[in-house]
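Structure first, then comments.
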Amino acid sequence: MKIQPLNENFSVCKLKSAPVRPSFGSYYFIGSTDAEYSLVCETSHVPEEVSVREDGWKAFRIQGTLDFSLIGILAKIASILAEAEIGIFVVSTFDTDYVLVKAQNFRRALKALEDNGYDILWDGEAVNI
């Protein structure tokens, strides 16, 4: 399986209300429940209307389109990172999953995945961490 690190810095935020216009950069994820509105976006694009924010996240995505019939992909990644004592925050799209870890753990997370057989792709090229 291939992992593609993203170069951007991310923030995880709680919004005061539903966003009026989504202009949060190239990457953003909005979650809405009966209890809250959440936003994950590039740190440089955090809007003023957040009530709480946590900066200092980096992200990687599982490369390629993941079929819904595939089982355990995210669980295996979470298990590897849990064993390395690295906390995660995950967002999913229709095609794939994005895993965020605190910036100070980013290289260590990628190394743990590499040590467990994952290919790490920087700018489309496999590299050793």
Residue 83 versus (1) surrounded by fewer than 12 Cβ atoms within 10 Å (Cβ to Cβ); (2) at pLDDT 95 or above; (3) farther than 20 Å from residue 120 by Cβ; (4) not hydrophobic (A, V, I, L, M, F, W, C): which is the lone unmet condition? (3)
Taking only the range 39-60 into account, find how many residues are surrounded by 12 or more Cβ atoms within 10 Å (Cβ to Cβ) and either acidic (Asp, Glu) or more than 14 Å from the chain's Cα centre (by Cα) (or both). 9
Testing residue 23 on (1) modelled with pLDDT of 95 or more; (2) in a loop (DSSP other than H, G, I, E, B), one condition comes back false. Which one is that? (1)
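Of the residues 76, 2, 102, which is out of contact with any Leu (no Cβ under 9 Å at 6 or more places or on another chain), closer than 27 Å to residue 118 by Cβ, among the basic types (Lys, Arg) and modelled with pLDDT under 95? Step through it out loud before you land on a result.
Working: 2 fails: out of contact with any Leu (no Cβ under 9 Å at 6 or more places or on another chain); 102 fails: modelled with pLDDT under 95.
Answer to the check: 76.
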In this structure, does residue 92 turn out to be modelled with pLDDT of 95 or more and either farther than 28 Å from residue 17 by Cβ or under 14 Å from the mean Cα position of the chain (by Cα) (or both)? no
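The values are calculated or read from the model by the stated rules, or taken from the named source; none is laboratory data. All of these numbers come straight from a predicted model, not from anything done at the bench. FYI the Cβ positions are ideal-geometry reconstructions off the backbone, even for glycines, and counts take in every protein chain you see.
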